[in-house]
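Notes follow the structure.
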Amino acid sequence: MKGLFLKTQIYLVFCLLIGASRSHGTEKAALETKLSATIEIVVKDTAILNEGEMEIKLYQNGINTTFTLQTKLITIKLNKPTTKIVIPLSTSINYGTIDLTYKNQSKIYEKRLFYVSNNTFIFENGDHIEVMLDQNKVQFSGKGSEKFNCLYEASKHQDIQQSQFKQIGKYRREKKYSEFFAYSKQVQDSLYNLKGQIVDKYAKSISRAVSDLIRTDIWAIYNSKIIETMFGNTTRFGTRYGEDHMNAVETAYQDYLENYQSDLFPDQILLESLRYCDALYWREYYAEQVLNRKNTVDPFTFRTGMIDKSYNGAIREKVHYLNSLARGKISEKMLDTYQEKKNTVINSKYQLAMRDLIKANTGKAFPFELKDSKGITRKLTDFRNKLIVMDFWYTGCINCVEQAKVLLPIIEGYKNNDKIVFVSISIDGSKNKQIWLKSIEKGIYTGKDEINLIAEGKNDELIKHYNIQGYPKLILISAEGNVITTNPPDPREEPLEFKALIDANI
């Protein structure tokens, strides 16, 4: 019996070891399993063939927001009637956008099938979507296509009707601001309800998680439109419609807050939504301009305080992150909390993202390699031991022209100083190289005393690293290769402060 018991023990241990080994192997295999979706593009419109390309951008950093440039770009040449491609996903439910581009740029507007308002979709692991492109028409079919059809159909109801637009304008001209706000909200209510009915129609064919995300995004768009209506024509310095309008805005905003509803879904859905926290950020952004209208507190600091008071937990962390991401600024509190030397305990991806953002805005500069106007590759290290002022712009940017009017005379004043270099970086991209070169010749965007470089559009790693959302954009790099600031004083508004910052770092 004793021998049998011993054999039984050995057998059980052996089974446990084998089981553990198999379990470990299964877990390892699961971890190594790549998430993906298959996209099959069927082109019915021959005008698209050979001229068109489909661009799919997938959000990559695990923090869904329209502010991030951290996307994976997949370009598909449409040179045959049917093209199939497997796209890698970073999460089992992955937001992404779809666009069509053409070699002949004028065709973008002739054959515009996707717009900013209708090109955002949700990809799931295992999807097999057929995208049929015909003249002025897109159709989705296959496994997982119902959510695509749902989003595409709902996006058709973004804008108000012409008659409604006229009525809104009439109330505004007559200075009937209470009626203006009430009617505008009524219009948005009807659009919100209509989109909700569309989601209801597709709900049984869509997973619960995706359905909740779509509803949350629709709610966020609805609230953003209301906020935009209230604050769209105001600044902290006043409104073009006068003080009565500003007072009406404050009243409307208080009414909005009293009826504000945010507990539609669990926090996890709200956090994973692409637009929910974006809408919260815009609410604080616009509200600051009215509530802090006398500019008694620095706008960014005021907004940071509002976020602290209005939200809790991970929602607050994400909105703080978006506030810094969108404005290119880091509050002193965030710097003090999340700088690596503080060894702060990081327990959420939003805190980790904030730390990464601080690194990008305060640490070592991104080691770029870009072509200059003569085709020579220029590197960050080429400008070692010099203060670097990087000026980002693109052809057609009116604000870039306005900044250049102020910046070029400042650059002229430093042309004999070998301790500073001005680097002009256009995002026109190599496809538009000739346009870029002509813009340099015009001298309205950049000057002869600047080093002119070209980046590959918004998807260039340099642009994505600094998450540049708007143009023009200035970044200062120290002689040691460290980021001094990604948000210097605007030379158009504060030329003396901008010049003082340069002088302090030479």
Any hit, the stretch 170-184, residues being under 25 Å from CYS277 (Cβ atoms) and not charged (D, E, K, R): yes
Exclusive hit being surrounded by fewer than 19 Cβ atoms within 10 Å (Cβ to Cβ), touching a residue at least 60 places away in the same chain (Cβ under 8 Å) and farther than 19 Å from GLU228 by Cβ, set ASP200, ASP134: ASP134
Looking only at the stretch 250-276, and only at residues there that are farther than 26 Å from TYR183 by Cα and hydrophobic (A, V, I, L, M, F, W, C), the one that is modelled with the lowest pLDDT: PHE265
Test: residue in the stretch 158-175 that is under 30 Å from ILE76 (Cα atoms) and of a type outside the set (Ser, Thr, Tyr): yes
Pair list, Cβ < 7 Å and 6+ apart or interchain, from the stretch 285-300 residues that are acidic (Asp, Glu) to residues that are modelled with pLDDT of 80 or more: GLU288/PRO299; GLU288/PHE302; GLU288/ARG303; GLU288/MET306
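Conditions (1) of a type in the set (A, V, I, L, M, F, W, C); (2) touching a Gly at 6+ places or on another chain (Cβ under 9 Å); (3) surrounded by fewer than 17 Cβ atoms within 10 Å (Cβ to Cβ), marked per residue:
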{"position": "LEU335", "(1), (2), (3)": "yes, no, yes"}
{"position": "LYS374", "(1), (2), (3)": "no, no, yes"}
{"position": "VAL389", "(1), (2), (3)": "yes, no, no"}
{"position": "TYR394", "(1), (2), (3)": "no, yes, no"}
{"position": "ILE398", "(1), (2), (3)": "yes, no, yes"}
{"position": "ASP418", "(1), (2), (3)": "no, no, yes"}
Subset of the stretch 72-82 (residues that are in a loop (DSSP other than H, G, I, E, B) and crowded, with 16+ Cβ neighbours inside 10 Å): LEU78
Residue that is nearest to the chain's Cα centre (by Cα), among those in the stretch 490-500 that are of a type outside the set (Asp, Glu) and surrounded by fewer than 17 Cβ atoms within 10 Å (Cβ to Cβ): ARG492
Out of LYS166, LYS156, sole residue that is surrounded by fewer than 19 Cβ atoms within 10 Å (Cβ to Cβ), among the charged types (D, E, K, R), assigned to a helix (DSSP H, G or I) and without any contact (Cβ under 8 Å) to a residue 12 or more places away in the chain: LYS166
Lone unmet requirement of (1) in contact with a helix residue (DSSP H, G or I) (Cβ under 7 Å, 6 or more places away or on another chain); (2) over 30 Å from LEU270 (Cα atoms); (3) free of Cβ contacts under 8 Å to residues at least 12 places away in the same chain; (4) not acidic (Asp, Glu) for PRO409: (1)
Failed condition for GLY429, given (1) in contact (Cβ under 8 Å) with a residue 60 or more places away in the chain; (2) in the same structural domain as VAL483 (by TED's automatic domain parsing); (3) of a type outside the set (Lys, Arg): (1)
Residue in the stretch 173-188 that is closer than 30 Å to LEU271 by Cβ and surrounded by fewer than 16 Cβ atoms within 10 Å (Cβ to Cβ) present: no
Cβ pairs under 6 Å, 6+ apart, first in the stretch 312-336 and modelled with pLDDT under 85, second β-branched (Val, Ile, Thr) and outside any helix (DSSP H, G or I): GLY328/THR486
Unique residue being assigned to a strand (DSSP E or B), modelled with pLDDT under 85 and crowded, with 16+ Cβ neighbours inside 10 Å when the list is LEU58, LEU69, LEU100: LEU100
Subset of the stretch 338-370 [at pLDDT 80 or above, more than 25 Å from LEU476 (Cα to Cα) and of a type outside the set (Phe, Trp, Tyr)]: LYS349, GLN351
Some residue of the stretch 83-91 being surrounded by fewer than 18 Cβ atoms within 10 Å (Cβ to Cβ), at pLDDT 90 or above and among the small types (Gly, Ala, Ser): yes
Top-ranked residue in the stretch 469-506 [being modelled with pLDDT of 90 or more and among the polar types (S, T, N, Q); ranked as farthest from ASP278 (Cα to Cα)]: ASN505
Qualifying positions in the stretch 492-506 - hydrophobic (A, V, I, L, M, F, W, C) and in contact (Cβ under 8 Å) with a residue 12 or more places away in the chain: PHE498, LEU501, ILE502, ILE506
Filtered residues of the stretch 111-144 (kept if within 10 Å of ILE98 (Cβ to Cβ), in a loop (DSSP other than H, G, I, E, B) and either of a type in the set (A, V, I, L, M) or modelled with pLDDT of 95 or more (or both)): LEU113
Matching residues in the stretch 251-289 - criterion: being among the aromatic types (Phe, Trp, Tyr) and assigned to a helix (DSSP H, G or I): TYR253, TYR256, TYR276, TYR281, TRP282, TYR285, TYR286
Which listed residue, of TYR281, TYR311, TYR276, is in contact with a Ser or Thr (Cβ under 7 Å, 6 or more places away or on another chain) and closer than 26 Å to ILE122 by Cβ: TYR276
Residue match in the stretch 169-188 (condition: assigned by TED's automatic domain parsing to the domain that holds GLY232, under 26 Å from the mean Cα position of the chain (by Cα) and modelled with pLDDT under 95): yes
Set ASP298, ASP308: member being outside the structural domain of ASN432 (by TED's automatic domain parsing), over 24 Å from LYS464 (Cβ atoms) and modelled with pLDDT of 90 or more: ASP308
Residue within the stretch 429-449 that is buried (at least 16 other Cβ atoms within 10 Å of the Cβ), at pLDDT 90 or above and in contact with a Lys or Arg (Cβ under 7 Å, 6 or more places away or on another chain) present: no
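The values are calculated or read from the model by the stated rules, or taken from the named source; none is laboratory data. Here the structure is a predicted model, which is why all the values come from computation and not from measurement. Here the Cβ is made from the backbone with ideal geometry for all residues, glycine too, and neighbour counts use every protein chain on show.
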